[in-house]
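Following: one structure in structure tokens, then a few remarks.
The values are calculated or read from the model by the stated rules, or taken from the named source; none is laboratory data. Every value quoted in this text rests on a predicted model; they were computed, and no experiment measured them. In this analysis, Cβ positions are derived from the backbone assuming ideal geometry, glycine residues included, and neighbour counts consider all displayed protein chains. To get the accessible areas, we keep the full protein, side chains included, count just its heavy atoms, and leave off ligands, DNA and RNA. Shrake-Rupley method; radii C 1.70, N 1.55, O 1.52, S 1.80 Å.
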Amino acid sequence: METILSIKNLSKRYGSVQALKDISFEIKKGHVYGILGPNGSGKSTTLGIVLNVVNKTSGEYSWFGGKMETHDALKKVGAIIERPNFYPYMTAQENLRLVCKIKDISYAKIQEKLQLVGLDERKDSKFSTFSLGMKQRLAIASALLNDPEILILDEPTNGLDPQGIHQIRDIIKQIASQGTTILLASHLLDEVEKVCTHVLVLRKGLVLYSGSVHGMSSNEGFFELQAEDSENLIQALRPHPAIESIKQEDEKVFVYLKSPLEAAALNKFLFEKNINLSHLVKRKHSLEEQFLELTKNASPTLKN
Ligand code: ADP
Ligand code: MG
């Protein structure tokens with residue numbers, strides 16, 4: 001599959017602030033990628049670097065397999081990384097005509113893109129009369145005028161009311177369904193879950209997870225166990241190769257996995273060590289729990 005953007009060991013320092021630490025990931029054609037992380041985790045910095053508006057400190061990135069200069073590659077990229085900014089006294093259509101003129105794009109595209117973002121009927125209204133959601137939709141139409149290979153959005157629903165949020169997410173999904181690759185930064189887990197196929201989870205400039213959105217929730221899961229002697233149980237569990245970590249809470253022992261393990265197999269393993277469980281349940285974290293676990297400061301898990 002065609003690689004749109006490849007980032008290798010990217011780091012960024014603003015004075016004493018290390019905003020990005022050794023970030024690597026790849027964007028393949030046709031997927032919807034989310035950069036997910038709390039405020040200050042380095043999302044906008046990452047987008048700024050690949051869009052050539054922020055200087056990297058070290059590392060590499062290349063567009064479209066490195067076949068062209070960044071300047072030329074960026075002509076195939078549509079990006080909205082700031083609040084939409086158009087001429088307030090000009091209509092939506094007039095503003096888009098101006099963009100077409102500057103970027104040497106046919107006016108024929110304007111109608112199609114206004115329709116896509118649901119602003120066709122408001123094309124003759126002045127930009128100053130638009131709600132924030134409409135402004136954001138106009139910005140999306142503007143970024144799509146030259147039919148870019150990839151659309152980049154930084155926190156596209158920030159500040160919008162629920163209806164506005166819903167409209168933007170629907171538009172993003174529609175754009176993706178037409179084959180445009182999308183990269184969006186968001187601090188909202190549900191946004192990434194609803195819109196994206198792939199996710200890079202950042203915290204304090206570090207990649208905590210990179211992969212499919214589905215894979216983030218379909219982790220190997222964990223067991224909830226109970227036996228008469230918890231200490232004995234923990235001792236018996238420690239050498240098991242499928243176990244990532246063990247945590248004790250009150251009477252219960254939680255066992256987190258790094259590779260698949262069925263309840264029956266664990267039960268047999270413990271039985272052979274003369275441990276009889278009074279309680280055994282296998283569970284999986286929801287995506288939200290996974291995200292909170294990933295972005296938490298220190299994890300209280302223990303091993304050995
Ligand atoms: P996010 O978009 O995830 O909220 P940012 O990329 O904006 O995160 O910021 C990452 C870190 O870099 C934060 O600690 C932020 O304060 C810092 N930072 C961002 N831009 C600048 C800048 N221009 N000068 C100094 N520090 C900055
Ligand atoms: Mg940001």
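For the stretch 90-225, relative contact order (Cα pairs under 8 Å, six or more residues apart, normalised by length) works out to 17 percent. Remark: the chain carries a charge dipole of roughly 940 debye about the Cα centre, counting +1 on each Lys and Arg Cβ and -1 on each Asp and Glu Cβ. Across the chain, Cα pairs under 8 Å and at least six residues apart give a relative contact order of 19 percent.
Annotation: aspartates and glutamates with alpha-carbon distance below 15 angstrom to residue 21 (same-chain offsets under eight excluded): 60. Taking all protein chains into account, the per residue accessible area for the chain stands at 50 Å² (1.4 Å probe). Ligands, DNA and RNA excluded, the heavy atoms of residue 240 present near 20 Å² of accessible surface to a 1.4 Å solvent probe.
For the residue pairs 43/75; 43/284; 67/194, alpha carbon separations beyond 30 Å are given by 67/194.
Nonpolar atom fraction for the chain, defined as the carbon and sulfur part of the 1.4 Å probe accessible area, stands at 48 percent.
Of the trypsin sites (Lys or Arg not before Pro) found in the stretch 31-113, the ones in coil according to DSSP and having at most 11 other Cβ atoms within 10 Å of their Cβ are 67.
In this structure, the pairs whose alpha-carbon distance is over 24 Å, taken from 103/123; 8/173; 247/282, are 8/173. Comparing 198, 233, 215 along the charge dipole axis of the stretch 185-244, the residue lying farthest to the positive side is 198, per the Cβ-charge model.
Rolling a 1.4 Å probe over the protein chains gives residue 250 an accessible area of about 140 Å².
Sorting 149, 244, 82, 251 by solvent-accessible area of protein heavy atoms yields 82, 251, 244, 149, largest first, with a 1.4 Å probe.
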